Amino acid sequence: MLPTDEPPFDPIFVDEPLLIPNYKETIISKVGLPFYANVDCPDEAPADECERTIDLAERILRTGGVRTGFGHHEEVRTSMESWAPDADKECDADPGYWRSSVLLMSPQEMNFGQLDGEPEERYKKAKTVLAWAADCIDSDVLQEIERSQAEDIKQAWRDAAEAELTQREIEQFAEDPPDKLDEWTRLDANHDAVEVAYVADNHGTPSVAAVFEDADSELEALEFTLEEWQENDGNPRQARPNRYCVTTDGDGAYAQLRSHLLTFEVEPMEPDPAVQ
């Protein structure tokens with residue numbers, strides 16, 4: 001049967017627990033979210049003990065080479081087949097599926113560390129790989145792999161929590177744009193198409209960065225020189241843009257504008273009455 005326990009996971013090769021009981025809530029809190037915030041389990045992190053066991057087994061198979069003492073994937077299969085108990089051999093530690101699991105594993109599964117099958121079948125294969133590894137691979141190597149897995153799990157949760165925090169900040173920015181963000185000052189633009197605009201001296205060029213509705217009523221984020229903005233009476237649909245606002249924080253014009261304002265090191269500039 002598959003395990004039903006939630007993480008944190010019991011150590012397998014190391015002596016001490018690698019994840020504290022409330023590690024997800026602790027990570028979520030440390031990035032600035034409430035500890036009870038709903039952050040979806042990242043794809044890079046196993047969701048339960050079953051997935052964690054499969055992931056650890058696949059990591060061991062992918063390690064290979066001089067670290068594990070097996071220089072070729074065929075050596076791994078040969079070792080497993082000679083290690084696994086015969087069908088009629090009684091072994092106290094064998095749960096009854098080790099040999100069949102070894103025989104069911106294809107060379108591709110061993111070569112690429114990607115176990116196939118339904119969850120229960122993959123779990124049995126993974127448990128078999130871990131049992132074989134415990135007998136046939138140096139314990140220091142296995143402990144290093146398990147510690148690396150724990151660090152990757154924590155990092156995946158940190159990345160997911162930070163992405164959730166950023167998304168909340170973007171939504172807050174769109175709902176209630178601040179009067180200042182870093183050294184950018186909000187501009188009271190006098191054009192119906194402009195949703196929000198900020199002004200600053202961007203590397204020696206007085207500039208306006210704005211979210212506005214384009215001719216198709218789609219929101220767009222662009223930066224303009226203040227001179228171009230003024231010459232077109234603050235109409236972003238007619239002004240020639242100076243640069244695009246690009247973001248890796250999320251989709252949408254407000255995400256692009258916010259990222260843009262936080263990216264450039266600008267000098268503050270009081271809005272010119274002529275652009276009001």
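Residue pairs whose Cβ atoms lie under 7 Å apart, sitting 6 or more positions apart in sequence or on different chains, and linking a residue in segment 140-158 that is touching a residue at least 60 places away in the same chain (Cβ under 8 Å) and under 16 Å from Val129 (Cβ atoms) to a partner that is among the hydroxyl-bearing types (Ser, Thr, Tyr) and open to solvent by less than 80 Å² (accessible area, probe 1.4 Å), are Val141/Thr68; Ile145/Thr63. Looking across segment 20-38, the residues that are surrounded by 18 or more Cβ atoms within 10 Å (Cβ to Cβ) and assigned to a loop (DSSP other than H, G, I, E, B) come down to Val31, Leu33. Could you figure out which of (1) more than 23 Å from Cys50 (Cα to Cα); (2) open to solvent by 80 Å² or more (accessible area, probe 1.4 Å); (3) at pLDDT below 95; (4) among the acidic types (Asp, Glu) isn't true of Glu183? Every condition holds for Glu183 apart from (2).
Assess whether Glu6 counts as being at pLDDT below 90 and open to solvent by 40 Å² or more (accessible area, probe 1.4 Å).
Details: at pLDDT below 90: yes; open to solvent by 40 Å² or more (accessible area, probe 1.4 Å): yes.
Yes.
Out of everything in segment 112-151 that is in a helix (DSSP H, G or I) and touching a Lys or Arg at 6+ places or on another chain (Cβ under 9 Å), what residue ends up being farthest from Phe13 (Cα to Cα)?
Phe112
Filter segment 258-271 down to the residues that are modelled with pLDDT of 55 or more, of a type outside the set (Phe, Trp, Tyr) and assigned to a loop (DSSP other than H, G, I, E, B), then identify the one that is farthest from Asn235 (Cα to Cα).
Step one: filter segment 258-271 for residues modelled with pLDDT of 55 or more, giving 258-270.
Then drop every residue that is not of a type outside the set (Phe, Trp, Tyr), which leaves 258-263, 265-270.
Among the residues that remain, those that are also assigned to a loop (DSSP other than H, G, I, E, B) are: 265-266, 268-270.
On the way: Glu265: 25, Val266: 23, Pro268: 22, Met269: 20, Glu270: 20 Å.
Within segment 258-271, the match that is farthest from Asn235 (Cα to Cα) is Glu265.
Restricting to segment 154-166, name every residue that is open to solvent by less than 70 Å² (accessible area, probe 1.4 Å) and either under 14 Å from Gly252 (Cβ atoms) or within 10 Å of the chain's Cα centre (by Cα) (or both). If the condition is that a residue be open to solvent by less than 70 Å² (accessible area, probe 1.4 Å) and either under 14 Å from Gly252 (Cβ atoms) or within 10 Å of the chain's Cα centre (by Cα) (or both), then Ala156, Trp157, Ala160, Ala161, Ala163, Thr166 are the ones that fit. Within segment 228-244, is even one residue modelled with pLDDT under 95 and among the hydroxyl-bearing types (Ser, Thr, Tyr)? So far as segment 228-244 goes, yes, one or more of its residues are modelled with pLDDT under 95 and among the hydroxyl-bearing types (Ser, Thr, Tyr).
Could you list, in sequence order, the residues of segment 87-104 that are open to solvent by less than 90 Å² (accessible area, probe 1.4 Å) and modelled with pLDDT under 85?
We begin by selecting, within segment 87-104, every residue open to solvent by less than 90 Å² (accessible area, probe 1.4 Å); these are 91, 93-102.
Answer for segment 87-104, where residues must be open to solvent by less than 90 Å² (accessible area, probe 1.4 Å) and modelled with pLDDT under 85: Cys91, Ala93, Asp94.
Scanning segment 99-120 for residues that are touching a residue at least 60 places away in the same chain (Cβ under 8 Å) and either in contact with a Ser or Thr (Cβ under 7 Å, 6 or more places away or on another chain) or among the charged types (D, E, K, R) (or both) yields a count of 1.
The values are calculated or read from the model by the stated rules, or taken from the named source; none is laboratory data. Being a predicted model, the structure only gives us computed values, none of them experimental. In this analysis, Cβ positions are derived from the backbone assuming ideal geometry, glycine residues included, and neighbour counts consider all displayed protein chains. Ligands, DNA and RNA are stripped out before the accessible areas are found, and what is left, the full protein with its side chains, is counted by its heavy atoms. Shrake-Rupley method; radii C 1.70, N 1.55, O 1.52, S 1.80 Å.
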